[in-house]
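J.: Okay, here's the structure, questions in a sec.
Any read-out appearing in this document is the output of simple, stated calculations on the displayed coordinates, not a laboratory observation. Computed from a prediction, not measured in an experiment: that's the story for all the values here. Quick reminder, even Gly has a Cβ in these numbers, built from the backbone with ideal geometry, and neighbours come from all protein chains shown.
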Amino acid sequence: MARTALDPVLLTSSVGGHFNELEFVVDALEIPRAERHWVLPRHIQTDERLAREQVTWSPLVQSGEYVKAARNLGFAVALHRRLRPRLVVSTGAAQSTPHLVAAALLRTPILYVESVARMDSPSVTGRLAALLPKARLLAPQPGWPAPWEHGLDAFSAFEVTAGHADLPLRRAMVALGSEHFPFPRAVDAIVRAVPTGVEVTWQVGETLGSDGADRNRWLTAKQMTASMRSADVVITHGGAGSILTALDAGQVPVVLPRHAAHGEHVDDHQVRMVQSLAARGLVVAVPDPAQLSVDHLRRAATLAVTRRSRPALVPVPAAMSHVA
């Protein structure tokens, strides 16, 4: 049966950064709420934000778990047959791979927007998407070889301005993302660097510090945003989602990228992205957590961010959104 403009746009990603980026894509494409159908794992940070949306909660797949993702193909095909989406939009992650394959099997057009965390080359999921028929591929940086086009730069929506000089540090917010890799070096460094008397709101996810202290694992999306807005300084790992959330809350974050050599991620893409964002003035980068100092915190606290527009997205042809 032919697809029509009344059929939904299926939006698929993992939780965390990829979900944050997918929200920016939806905003840039101006997809009406009534036409969206989200497919991703249930999580405290997605429940609130998708409370008014059409959602199918999918089995959880973590970074690099492509065998587990393959086991979800039957679930994905059955869902796609039921929903009959006219377009599948994804920002990547292993979580989305069965839905990209299901779209290819059912000849559904795909709009794949590679994560802004991938500065130089596509992720494993991006390389898979490049093999699929009816897929349009958008790169976060210019100069990628065909069939990649320069597409969305979510960070282009933000402009840094001078904030309050010599602002006293009273409140800090720490966000270490939703990855299943622990990042104890970050927790230990933050504990050392934050001055005594500063109130710290933690969201550590899967991480414990070497001191064994009980810190808050998860915040809801509203709690995260509110904590960032009220903080004098925000400290995050190098995840695109955490950085975007901080910028959207008006904060230039202090960023500690994860390193694969320490078992903190599958590769070093965070290192490269954080370097690029530091050159643009959008983050205060600390390449090694051991280097974190109160000076980094004070410098970030003197800066402010405004969101000036929707992020720019290359035009998507009508054929991608209304399939006859």
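J.: Just report the Cα centroid separation between the range 17-82 and the range 88-167, whole Å.
T.: If you average the Cα positions of each part, the centres end up 15 Å apart.
J.: Note down the magnitude of the dipole of the range 164-301 about its Cα centre, charges +1 on Lys and Arg C-beta and -1 on Asp and Glu C-beta and zero elsewhere, to the nearest 20 debye.
T.: Using Cβ point charges on Lys, Arg, Asp and Glu, the range 164-301 gives about 340 debye.
J.: Check SER63: other-chain or 5+ apart residues with amide H under 5 Å from its amide H, H built from backbone geometry?
T.: HN-HN under 5 Å from SER63: HIS180.
J.: Among 139-146, 231-238, 286-293, how do they line up from the highest to the lowest mean number of other beta-carbon atoms within 10 Å?
T.: 231-238, 286-293, 139-146
J.: Within 10 Å of each residue's Cβ, count the other Cβ atoms and sort GLU21, GLU53 from fewest upward.
T.: By the 10 Å Cβ count, ascending, the order reads GLU53, GLU21.
J.: Go through the range 228-234 residue by residue and turn each phi into a ³J(HN,Hα) via Karplus (6.51, -1.76, 1.60, θ = phi - 60°); whole Hz please, and just put x for glycine and proline.
T.: Per-residue couplings from phi come out as 5, 5, 8, 7, 7, 8, 10 Hz.
J.: Excluding ALA78 itself, what net charge comes from residues whose Cβ is under 14 Å from its Cβ, given Lys and Arg +1 and Asp and Glu -1?
T.: Residues close to ALA78 contribute a combined charge of +4.
J.: By how many nm would the segment from ASP120 to LYS222 lengthen if fully extended, with 0.36 nm per residue of separation less the alpha-carbon distance?
T.: Additional length available on full extension: 33.4 nm.
J.: While we're here: Relative contact order (percent) for the range 164-301, with alpha-carbon contacts under 8 angstrom and 6 or more residues of separation?
T.: 27
J.: Continuing with this model, one more query. Give the dimensionless ratio obtained when the Cα radius of gyration of the range 128-224 is divided by 2.2 N^0.38 Å.
T.: 1.57
J.: Tell me which residues come under 5 Å, amide H to amide H, from ARG171 once H is placed; ignore anything under 5 positions away on its chain.
T.: GLU199, ASP232, VAL233
J.: Dipole size in debye (nearest 20) for the chain around its Cα centre, Lys and Arg Cβ +1, Asp and Glu Cβ -1?
T.: 960
J.: Quick one: dipole size for the range 197-263, taken about the Cα centre, charges +1 on Lys/Arg Cβ and -1 on Asp/Glu Cβ, in debye to the nearest 20.
T.: Roughly 160 debye, rounded to the nearest 20.
J.: Using a Förster distance of 30 angstrom, determine the FRET efficiency expected from the C-beta separation of TRP57 and HIS262, and round it to 0.05.
T.: 0.40
J.: For the chain, what is the convex hull volume of its Cα atoms per residue in Å³?
T.: 123
J.: In vacuo Debye scattering of the range 164-301, one point per C-alpha: log10 I(q)/I(0) at q = 0.10, 0.16, 0.20 Å⁻¹?
T.: Values returned for q = 0.10, 0.16, 0.20 Å⁻¹ are -0.27, -0.74, -1.23.
J.: So for the chain, taking the charge dipole from beta-carbon charges (+1 Lys/Arg, -1 Asp/Glu), which of ALA94, GLY74, GLY205 sits furthest toward the positive end?
T.: GLY74
J.: Could you derive backbone 3J(HN,Hα) for the range 217-225 from the dihedral phi with the Karplus parameters 6.51, -1.76 and 1.60 (θ = phi - 60°), listing whole Hz in sequence and x where the residue is Gly or Pro?
T.: In residue order, the calculated couplings are 7, 9, 10, 6, 4, 5, 5, 4, 4 Hz.
J.: Ok, one more. For the range 82-88, take each phi angle, set θ = phi - 60°, evaluate the Karplus expression 6.51 cos²θ - 1.76 cosθ + 1.60, and give the result in whole Hz per residue in order, putting x for glycine and proline.
T.: Here the 3J(HN,Hα) series is 6, 7, 6, x, 7, 7, 10 Hz.
J.: With an 8 Å Cα cut-off and a minimum separation of 6 or more residues, compute the relative contact order for the range 37-136 in percent.
T.: It comes to 23 percent, rounded to a whole number.
J.: Here is a follow-up. What is the packing order of peptides 76-84, 253-261, taking the mean over residues of other C-beta atoms within 10 Å and listing the highest first?
T.: Highest-to-lowest ranking by the protection proxy: 253-261, 76-84.
J.: Suppose R0 equals 41 Å. What FRET efficiency, 1/(1 + (r/R0)^6) with r the Cβ-Cβ distance, do GLN275 and ASP47 give to the nearest 0.05?
T.: Step by step, r from the Cβ atoms, then E = 0.75.
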